[in-house]
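Asker: Please find one structure pasted underneath; my questions will follow.
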Amino acid sequence: MAHVARELDLNAYYGPSTIMDRMNVVPGLKTSTAFFLFLRANLVANPSAMSTPDMVPASSHALPPPSPSPLATVDPPNNPVPDDLPPLYVGVLSDEADKVDALNLVADSIAQQRQSSSYHLIFHPYLLAVLAAGLGAAYQYSWRVRRDLGTALMLHAGVVMIYLLSIRYVTAQYIRVAEDMRWSWLASEDGEPDTVIGVRFGRDLIGALVLRLEPPPHASPTGKKRGRAAALRGGKGVIRAWTVKLRYRGQRLGVDMLHEAIRTTRERCGRDAEVGFAREHANSAPVLPEAFNGPARRNEQRAAKTLERVLADWEGSRRRRKV
């Protein structure tokens with residue numbers, strides 16, 4: 001039997017009344033009704049009255065005067081911004097004290113190789129195999145033979161300590177190489193001093209590049225200044241050291257020094273003079289066997305690629321000037 005929906009007539013129960021009165025009978029509609037009444041009142045309000053409300057109290061004694069904000073009484077922070085930063089200078093260093101600072105920077109870069117090499121050696125596959133063999137021997141003796149937990153812990157800790165101390169001892173050679181840097185390193189075999197290019201930030205020297213200008217093979221060596229300048233024509237520039245202080249790396253200061261090295265070389269040796277890194281540069285000391293020199297070789301490759309880009313930019317700018 002089908003059910004027929006019956007229509008409910010509210011008039012029969014509540015009698016004649018307004019629509020709002022009928023809606024208010026349902027409890028869930030009271031809040032919605034009040035909201036719509038409030039919204040309708042705001043929509044028909046005077047726009048000028050809503051845009052510029054009168055916020056002045058009726059009486060000066062009705063409300064207390066507003067207290068000042070605590071932020072208004074706090075003194076401004078005393079960290080004045082300097083008017084100007086120290087000047088940044090990139091060029092050839094002529095003062096002897098500046099060259100000594102540059103030599104110290106080169107020595108610091110050699111000493112810093114100890115950290116990167118130590119990290120590389122700790123996780124090198126060859127040495128990890130040796131460490132695993134030592135730990136295995138310690139396990140066989142302490143646990144399989146003696147069955148002593150204390151002995152096992154002591155032997156395993158001893159193997160790891162010997163592994164780390166051995167790496168520390170081997171990489172300490174970088175410190176000795178850095179300490180052996182002398183003033184004589186900045187001169188060639190015939191006594192001609194190298195050209196030192198530096199980056200100075202204010203009074204601090206933060207970058208150094210050691211450039212050796214080599215005459216062509218057929219040129220005869222001479223000690224006279226004018227003869228030396230003539231002998232360099234057709235020669236080349238060899239970069240023997242290139243470093244920037246650790247905290248200033250990644251700021252393209254090394255690229256600026258490479259530009260200066262190319263400019264200096266081509267002013268003294270000719271507009272087509274070659275510029276490259278020396279095979280035996282300051283950071284190429286044979287401290288470790290070649291199989292463990294991965295970080296040093298990667299650094300050399302990055303330096304060579306950077307120099308290639310700088311040379312390409314130099315050639316491009318020269319062609320643009322010709323056009």
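Asker: Quick one: which residues, 5 or more positions from Glu274 or on another chain, have an amide H under 5 Å from its amide H? H modelled 1.01 Å from N in the peptide plane, none for Pro or chain starts.
Answerer: Those lying under 5 Å, H to H, from Glu274 are Gly237.
Asker: Mind giving me the nanometre distance, one decimal, between the label points for Glu300 and Arg146, set 7 Å out from Cα along Cα→Cβ?
Answerer: 4.6
Asker: Now, a different point. Which three numbers, in whole Å and largest first, are the semi-axes of the equivalent ellipsoid of the range 108-179 derived from its Cα gyration tensor as √(5λ)? Numbers along the way, then the final one.
Answerer: Working: eigenvalues 209, 26, 10 Å².
Computed over the range 108-179, the values are 32, 11, 7 Å.
Asker: Let me ask another. Assigning unit charges at the beta carbon (Lys, Arg +1; Asp, Glu -1) and nothing else, what dipole magnitude in debye, to the nearest 20, does the range 108-179 show about its Cα centre?
Answerer: Working: 6 positive and 3 negative charges, 57 e Å.
Computed about the Cα centre, the dipole is about 280 debye.
Asker: While we're here: Just want the ordering: Met154, Met257, Met161, from fewest to most Cβ atoms lying within 10 Å of their own Cβ. Present the calculation step by step, with values, prior to reporting the outcome.
Answerer: Working: Met154 13, Met257 24, Met161 10.
Least crowded to most crowded, the residues run Met161, Met154, Met257.
Asker: Measure out, as a whole number of angstrom, how far apart the alpha-carbon centroids of the range 244-298 and the range 90-120 sit.
Answerer: For the range 244-298 versus the range 90-120, the Cα centre distance is 12 Å.
Asker: At Trp183 and Ser94, where each label point lies 7 Å from the Cα along Cα→Cβ, what is the point-to-point distance in nanometres?
Answerer: Between Trp183 and Ser94, the label points sit 1.9 nm apart.
Asker: In nm, give the distance between the simple-model label positions of Ala312 and His218, each being 7 Å from the Cα along the Cα-to-Cβ direction.
Answerer: A separation of 3.3 nm, rounded to one decimal place.
Asker: What do you get for GluC sites (Glu not before Pro) in the range 246-292 restricted to DSSP loop and a cutoff of at most 13 other Cβ within 10 Å of the site's Cβ? Display every interim value, and only then the final one.
Answerer: Working: sites: Glu260, Glu267, Glu274, Glu280, Glu290; in loops: Glu280.
The qualifying sites are Glu280.
Asker: Moving on to the next point. Among Arg182, Arg228, which comes first, then next, by fewest other beta-carbon atoms within 10 Å?
Answerer: Values: Arg182 9, Arg228 17.
Ordered by Cβ neighbours within 10 Å, fewest first: Arg182, Arg228.
Asker: Could you list Leu155, Leu209 in order of exposure, starting from the residue whose Cβ has the fewest other Cβ atoms within 10 Å?
Answerer: With the sparsest Cβ surroundings first, the list reads Leu155, Leu209.
Asker: Ok, one more. Please report, in whole Å³, the volume per residue of the convex hull around the C-alpha atoms of the range 239-293. All intermediate terms of the calculation are to be shown ahead of the outcome.
Answerer: Details: hull volume 6.1 nm³, N = 55.
Hull volume over Cα atoms, normalised by residue count, gives 110 Å³.
Every number in this text was worked out from the coordinates using simple rules, so none of it is lab data. Quick caveat: nothing in here was measured; it's all calculated off a predicted structure. Glycine also receives a Cβ, built like all others from the backbone with ideal geometry; neighbour counts cover every protein chain displayed.
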